[in-house]
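Here the structure comes first, spelled out in structure tokens, and everything after it is commentary.
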């Protein structure tokens with residue numbers, strides 16, 4: 001399970017087990033709050049966008065980081081994995097309302113967005129505006145099954161997953177530092193997390209204001 005935590009000074013990617021435990025932070029330079037993330041089950045890689053392009057890394061280890069497409073801060077891109085070797089890149093043009101669909105290979109060296117646009121192999125397709133991009137049928141889930149995509153109709157307030165090894169149609173999950181309360185789709189701040197935060201807040205206030213006192 002991956003999600004982006006934007007509560008700190010800089011956005012970070014958080015990787016957890018499917019039960020929401022054993023969460024670790026991924027050091028991801030140049031990450032932005034409007035990051036695009038896609039997990040590719042075909043090759044077990046997580047793809048994400050930063051201020052300088054499209055990156056991916058192995059979903060299970062902290063190594064094997066790849067920089068696929070190099071961009072500038074003025075460029076806006078999105079992507080969707082098609083297979084273990086191919087992905088679709090969306091190059092957005094916010095001023096002219098003319099987006100481009102580009103095909104790229106996963107194992108090629110880093111290429112700039114402009115080079116990718118003029119590559120004869122990519123054969124770009126111009127579309128007026130692409131709001132969302134989803135590839136179905138490559139993860140073992142039948143796209144025609146009405147019960148395959150149930151998170152849209154769930155009551156989860158934060159995160160939702162579809163368990164493949166359970167009869168439940170969806171499962172609600174919580175961000176780091178939170179737990180589930182009854183009903184089982186509303187997170188609450190964990191007491192330990194709140195205690196640590198309260199101690200930090202008291203220390204911070206006491207350090208900057210010597211006239212702050214604590215009472216039992």
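No value in this document is a laboratory result; all are computed from the given coordinates. Note that this is a predicted model, so its numbers are computed, not measured. No Cβ is skipped: glycine too gets one built from the backbone with ideal geometry, and neighbour counts run over all protein chains shown.
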key: Rounded, prolate or oblate (a/c below 1.5 giving rounded, otherwise prolate when a/b exceeds b/c) for segment 1-44 by Cα gyration tensor   = oblate
message = Report for segment 1-113 the percent antiparallel among DSSP-assigned beta bridges with both residues inside it, nearest 5.
response = 95 percent
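What is the extension gain from residue 112 to residue 155, computed as 0.36 nm multiplied by their sequence separation minus the C-alpha to C-alpha distance, in nm to one decimal?
11.4 nm
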note = Simple SL model, points at 7 angstrom along Cα→Cβ for residue 6 and residue 85; separation in nm is 3.7 nm
